[in-house]
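Comments concern the structure below.
The values are calculated or read from the model by the stated rules, or taken from the named source; none is laboratory data. Please read all numbers here as calculations on a predicted model, not as lab measurements. Cβ coordinates were reconstructed from backbone atoms using ideal geometry, including for glycine residues, and neighbour counts include every protein chain displayed.
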Ligand code: BGC
């Protein structure tokens, strides 16, 4: 089955049609910059433009960078607060004129791709996916089952919201080299492992687009793998969520 996977990010809204059994992108990846301010109306309209550009009229799965329950937005850390309370599934279904839309958290979407088809496949214990981009997202899977909406990127760490210390905008503002940043991120992972004792970390998002730059840097006792679907994991997992008719409650 094929569906359109859409990844709503802080800087870009990206989409591609995905063959859900393999995770393969069957079209090129389309990208439109995230509107500023990213109000509910502007975000819905941008996804609509993407869908029109792609000429798509089948099911859509969408990764959203905040807490999602039953297709309704509950938080908007890096987007406009007007999104909170919006039934994004219904709004997109209507705007895009498609039969079905599933919306789940963006890191959960990336994790779904990795657990079903990628770096976390066949890992039986606790897998924690951590994505780094405009925000820090996390996805937790116990024996392959998603524990949705974990927001461990916002855990208090060194007196701060971890995301404000370690996500991409913070790395740039603090003029940290990739290496310096990775050393600090390693300490954050160690903190997470002391609290959750995962069996595997899977790292993804734009911050880990080039995993070769991080080889040998992480010193956690927990094994670390990089997302097999790289920065497309969110698109692939969102498409799978649509194919499975996934709804988070
Ligand atoms: C949001 C998460 C999201 C992450 C990555 C955080 O600011 O609270 O829900 O997964 O950013 O986009």
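Remarks
- Matching residues in region 116-142 - criterion: being away from the ligand (no atom under 16 Å from the Cβ), farther than 10 Å from residue 200 by Cβ and crowded, with 24+ Cβ neighbours inside 10 Å: 118
- Residues of region 147-170 that are in a strand (DSSP E or B) and within 13 Å of the ligand (Cβ to nearest atom): 161 alone.
- Just one of the listed residues (100, 113, 90, 95) is out of contact with any helix residue (DSSP H, G or I) (no Cβ under 8 Å at 6 or more places or on another chain), farther than 23 Å from residue 188 by Cα and not assigned by TED's automatic domain parsing to the domain that holds residue 155, and it is 90.
- Residue 152, sole failed condition from (1) crowded, with 22+ Cβ neighbours inside 10 Å; (2) touching a helix residue (DSSP H, G or I) at 6+ places or on another chain (Cβ under 7 Å): (1)
- When residues of region 10-33 are limited to those that are over 14 Å from residue 206 (Cβ atoms) and touching a residue at least 40 places away in the same chain (Cβ under 8 Å), the one surrounded by the fewest Cβ atoms within 10 Å (Cβ to Cβ): 22
- The number of residues in region 215-232 that are within 21 Å of the chain's Cα centre (by Cα) and at pLDDT below 95 comes to 1.
- Residue in region 56-66 that is in a loop (DSSP other than H, G, I, E, B), at pLDDT 95 or above, outside the structural domain of residue 154 (by TED's automatic domain parsing) and within 16 Å of the ligand (Cβ to nearest atom) present: yes
- Restricting region 75-111 to residues that are in a loop (DSSP other than H, G, I, E, B) and without any contact (Cβ under 8 Å) to a residue 40 or more places away in the chain, the residue that is farthest from the ligand (Cβ to nearest atom): 85
- With respect to (1) closer than 27 Å to residue 150 by Cα; (2) in contact with a strand residue (DSSP E or B) (Cβ under 8 Å, 6 or more places away or on another chain); (3) away from the ligand (no atom under 12 Å from the Cβ); (4) not in a strand (DSSP E or B), the lone exception for residue 31 is condition (4).
- Flag if residue 93 is within 16 Å of the chain's Cα centre (by Cα) and modelled with pLDDT of 95 or more: no
- Checking 196, 141 one by one, the residue that is more than 21 Å from residue 76 (Cβ to Cβ) and touching a residue at least 60 places away in the same chain (Cβ under 8 Å) is 196 and no other.
- Here is the figure for region 207-229: residues that are surrounded by fewer than 18 Cβ atoms within 10 Å (Cβ to Cβ) and within 16 Å of the ligand (Cβ to nearest atom) total 1.
- Hits in region 37-55 (condition: part of a loop (DSSP other than H, G, I, E, B) and either within 14 Å of the ligand (Cβ to nearest atom) or modelled with pLDDT under 95 (or both)): 38
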